[in-house]
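The values are calculated or read from the model by the stated rules, or taken from the named source; none is laboratory data. The shown structure was predicted, so the numbers you read here are calculated from the model rather than taken from an experiment. Here the Cβ positions follow ideal geometry from the backbone for every residue, glycine too, while neighbour counts run over all protein chains shown.
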Amino acid sequence: MEQRPALLMCPADFFSVRYVINPWMEGNVSRVSQTDALRQWRDLRDILEGLAEVRLIEPDPNLPDMVFTANAGVVLNGRVLPSRFAHGERRPEEPLFRDWFERHHFEVSMLPEDQQFEGAGDVLLDCGRARLWAGYGFRTSLEAHRTLADLLGVEAISLRLIDPRFYHLDTCLCPLEDGFLIHYSAAFDFPSQQRIRDLVPPDRLISIGESDAVEFACNAVNIGRKIVLHSASDGLKQRLADAGFEVITTPLNEFLKAGGAAKCLTLRLDESVDLAAAGFDPEGGVRQETVELEGHLLDGGILDRALDMTADCGGSFKVLDFELGRDHASRSRATIQVAAPAAEVMRELRGLLLSLGARFVDSADEDARLGRVETDGVAPEDFYGTTIYPTDVRVDGHWIRASHQRMDAVIVVDTDAKLPTAECHLLRDLKKGDCVVTGMAGIRTAVPEPESNRAKSGADAFAFMSAGVSSERRVEGAVEKIAWDMRRIHERSGRIVVVAGPVVVHTGGATHLARLVRAGYVQALLGGNAIAVHDIEQAIMGTSLGVDCLRGLPVRGGHRHHLRVINLIRCHGGIAAAVQAGAINSGILYECVRAGVPYSLAGSIRDDGPLPDTETDMNRAQNEYARLIEGADMILMLSSMLHSIGTGNMTPAGVKLVCVDINPAVVTKLADRGSLESTGIVTDVGLFLDRLSRQLVSDGIESRRAGGKNADSFL
Ligand SMILES: NC(=O)c1ccc[n+]([C@@H]2O[C@H](COP(=O)([O-])OP(=O)(O)OC[C@H]3O[C@@H](n4cnc5c(N)ncnc54)[C@H](O)[C@@H]3O)[C@@H](O)[C@H]2O)c1
């Protein structure tokens, strides 16, 4: 005779809501009707006794939640893993359940004390797939998934719960016979939703809406083709009927007040999987790594960011060791164990932590893995994408620094050279046969100290506003400090690159920027077609986009001015030629040509004309930008989102970035790209340039240092 399924239940004699440990309990303390609860529990037991053998554990008068036996532990193949409750209120249940399991001859294995685990509330066997679905986020820790998969010999698919109402997995997911699965997807984060969709074919996946979910339709007991639950809408009942299931509803609303229903009130004792057929992959599921961080971990915000990154990826962390630097100048050290729900998440997390300078203890002595490029311009699938930070790769046991650092590149290693070299290349520049760094092993990044720390340690007395965004009232002070930096760069013949949009001209900033070029404060100018067109329009016709720059009023026919300007420059063959011919006598581009300051104008789909100087081949334009920012000490990004972001993407760490824009979102985006040396200023760019040029250029005392060629040789 076939053995009947077995369930563990605990009589509801002492059930009540006495404390609040989930949102359902809020407002329900002492509001349970004991009579109704007892009747509802008995009705459920009677139904289940028709389907299974129901075994009982004696209730405890001090433990009102003991009625929810699903949280006693998880049982598979006769082995039980008892729970380790997250909340102190439920921990006294642990020895009582463990004792019951031992007395009933289950093989008991304990999880480590520091791992939270709430039994079959968070771990559900999917018989059809020979897998466990494992929830985390509220009651069960991610590390426990790894342990229980190892102990039970079955792979656990980790799902992150994000809605506190669905604090246990069995409140929002229920595997059924024949590979069917009911779930409420909004209770999970997006990657977990994706994991469910990857494993459960659409014709087996029964997604429910919020109205069914809050009635605990997922908290169902499935035995064979029968499903016992508190309540389900007609639509859900029909879908389950179509899938061949009979739904039996029994009111359990008194238990809903504590956040539980049919499934929570039961624990399956007889479930089993064929471990050989389950094909357990010990490398699958949760991944763990030990990571070391060193530097100004607290005041530089590095520790915060590392922990946030881990949590944002759906991972979890445990700080194993933390040694706080004794004063501002000394460094702190942290050893952290991070866990990720799956290998691909750990890979992403490793990349993020690398950008904070993290060292991965387990793979610290590994060489970088290299893959061959098979097709020009196409990297091996697992290629490592670079950040803005100086990066070393380990080749034959030696660390070598990659040259031409920039973000979103790949690292090409030349092992044929006597001394191996590493260089950042764009995807499009890869050649068949190139050796590219893949994976995450053998890579380390050197994250520079935040400016504020160097300032504190006396190295840079004027560092300020690391990655901050200033508001209007702080502009004056910010300009003073930027001017101070620019003067120092100027004095040591450093390089300042300006990225500018046409708003510079519209806001009256062109004259000021032109003065800065003339005074030698600009070593390269980057922009698009428009900055040049409008600057020259102003120089020649006194208007910018047809608006009289002095009176601020539109000029009749002015909307055609820029076309006339474009035509004129095209007629001369280019801006430099027009300057030489005397067709342009002032403005930013005029000063650049005179001073030999190189400029690059990158084309865009919006461009009129364009000017002959505008580079419409985007690869060439990017290469030219990259060439001009090489060796830059500072980049001033003035009111051009497009060109500023383009420039930011190719700038390595260590270059001071100053971003000026009227839109805080643009400033934040640019100032917050991971560089510790960026300053954002939310203000009108015309006003900014006016103040900056006043700080730097006194009339009549203008330096003639310029970018390259002798200016006068042009004229
Ligand atoms: N006629 C033309 O050929 C023409 C005209 C316009 C733009 N374009 C081209 O389109 C592309 C994008 O142009 P873009 O860089 O001007 O646009 P963009 O949208 O990339 O950037 C403009 C930025 O200026 C900011 N801004 C607006 N008013 C400001 C103020 N008073 N002070 C400070 N910041 C202010 C905005 O917030 C925005 O971030 C460029 O390649 C440009 O050359 C061509």
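Values as computed for the structure displayed
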quantity: Residues of region 118-133 satisfying the condition of being over 20 Å from residue 7 (Cα atoms) and in contact with a strand residue (DSSP E or B) (Cβ under 6 Å, 6 or more places away or on another chain); calculated: 131
quantity: Total residues in region 526-582, condition of a type in the set (A, V, I, L, M), on the phi < 0 side of the Ramachandran plot and at pLDDT below 90; calculated: 4
quantity: Some residue of region 222-241 being in a loop (DSSP other than H, G, I, E, B), in the same structural domain as residue 75 (by TED's automatic domain parsing) and of a type in the set (Ser, Thr, Tyr); calculated: yes
quantity: All positions within region 584-607 that are crowded, with 23+ Cβ neighbours inside 10 Å, of a type outside the set (A, V, I, L, M, F, W, C) and near the ligand (Cβ under 8 Å from one of its atoms); calculated: none
quantity: Residues (touching a Ser or Thr at 6+ places or on another chain (Cβ under 8 Å) and within 30 Å of residue 106 (Cα to Cα)) located in region 2-36; calculated: 7, 8, 9, 10, 16
quantity: Filtered residues of region 608-638 (kept if within 15 Å of the ligand (Cβ to nearest atom), under 19 Å from residue 575 (Cα atoms), in contact (Cβ under 8 Å) with a residue 40 or more places away in the chain and not polar (S, T, N, Q)); calculated: 608, 609, 610, 611, 612, 613, 625
quantity: Matching residues in region 517-538 - criterion: being part of a helix (DSSP H, G or I) and surrounded by fewer than 24 Cβ atoms within 10 Å (Cβ to Cβ); calculated: 518
quantity: Test: residue in region 541-552 that is acidic (Asp, Glu) and either buried (at least 19 other Cβ atoms within 10 Å of the Cβ) or in a loop (DSSP other than H, G, I, E, B) (or both); calculated: no
quantity: Residue that is farthest from residue 601 (Cα to Cα) [pool: residues in region 643-667 that are out of contact with any Asp or Glu (no Cβ under 9 Å at 6 or more places or on another chain), touching a residue at least 40 places away in the same chain (Cβ under 8 Å) and within 13 Å of the ligand (Cβ to nearest atom)]; calculated: 664
quantity: Search result, residues across region 52-66 that are in contact with a strand residue (DSSP E or B) (Cβ under 7 Å, 6 or more places away or on another chain) and part of a loop (DSSP other than H, G, I, E, B); calculated: 52, 57
quantity: Filtered residue count, region 494-515, keeping only those that are in a loop (DSSP other than H, G, I, E, B) and either near the ligand (Cβ under 9 Å from one of its atoms) or buried (at least 21 other Cβ atoms within 10 Å of the Cβ) (or both); calculated: 4
quantity: When residues of region 528-552 are limited to those that are in contact with a strand residue (DSSP E or B) (Cβ under 7 Å, 6 or more places away or on another chain) and more than 14 Å from residue 609 (Cβ to Cβ), the one farthest from the ligand (Cβ to nearest atom); calculated: 542
quantity: Index of the failed condition, residue 203 passing every other in (1) farther than 21 Å from residue 84 by Cα; (2) in contact (Cβ under 8 Å) with a residue 12 or more places away in the chain; calculated: (2)
quantity: Complete set of residues in region 58-78 that are under 15 Å from residue 266 (Cβ atoms) and buried (at least 22 other Cβ atoms within 10 Å of the Cβ); calculated: 65, 66, 67, 68, 69, 70, 71, 72, 73, 74, 75
quantity: Condition met for residue 683 (within 26 Å of the chain's Cα centre (by Cα) and modelled with pLDDT of 85 or more); calculated: no
quantity: Which numbered condition residue 30 misses (of (1) among the hydroxyl-bearing types (Ser, Thr, Tyr); (2) under 16 Å from residue 261 (Cβ atoms); (3) without any contact (Cβ under 8 Å) to a residue 60 or more places away in the chain); calculated: (2)
quantity: Members of region 402-421 that are surrounded by 14 or more Cβ atoms within 10 Å (Cβ to Cβ), assigned to a strand (DSSP E or B) and either β-branched (Val, Ile, Thr) or out of contact with any Ser or Thr (no Cβ under 7 Å at 6 or more places or on another chain) (or both); calculated: 410, 411, 412, 413, 421
quantity: Criterion violated by residue 562 - all others in (1) closer than 20 Å to residue 671 by Cα; (2) within 16 Å of the ligand (Cβ to nearest atom) satisfied; calculated: (1)
quantity: Complete set of residues in region 67-83 that are under 20 Å from residue 219 (Cα atoms) and assigned to a strand (DSSP E or B); calculated: 73, 74, 75, 76
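Residue-wise test of (1) in contact with a strand residue (DSSP E or B) (Cβ under 6 Å, 6 or more places away or on another chain); (2) buried (at least 16 other Cβ atoms within 10 Å of the Cβ); (3) farther than 17 Å from residue 445 by Cβ.
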{"residue": "343", "(1), (2), (3)": "yes, no, yes"}
{"residue": "354", "(1), (2), (3)": "yes, yes, no"}
{"residue": "357", "(1), (2), (3)": "yes, yes, no"}
{"residue": "371", "(1), (2), (3)": "yes, yes, yes"}
{"residue": "376", "(1), (2), (3)": "no, no, yes"}
{"residue": "381", "(1), (2), (3)": "no, no, yes"}
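Yes/no per residue for (1) part of a loop (DSSP other than H, G, I, E, B); (2) in contact with a helix residue (DSSP H, G or I) (Cβ under 9 Å, 6 or more places away or on another chain):
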| position | (1), (2) |
| --- | --- |
| 89 | no, yes |
| 98 | no, yes |
| 102 | no, no |
| 111 | yes, yes |
| 114 | yes, yes |
| 128 | no, yes |
| 132 | no, yes |
| 135 | no, yes |
| 144 | no, no |
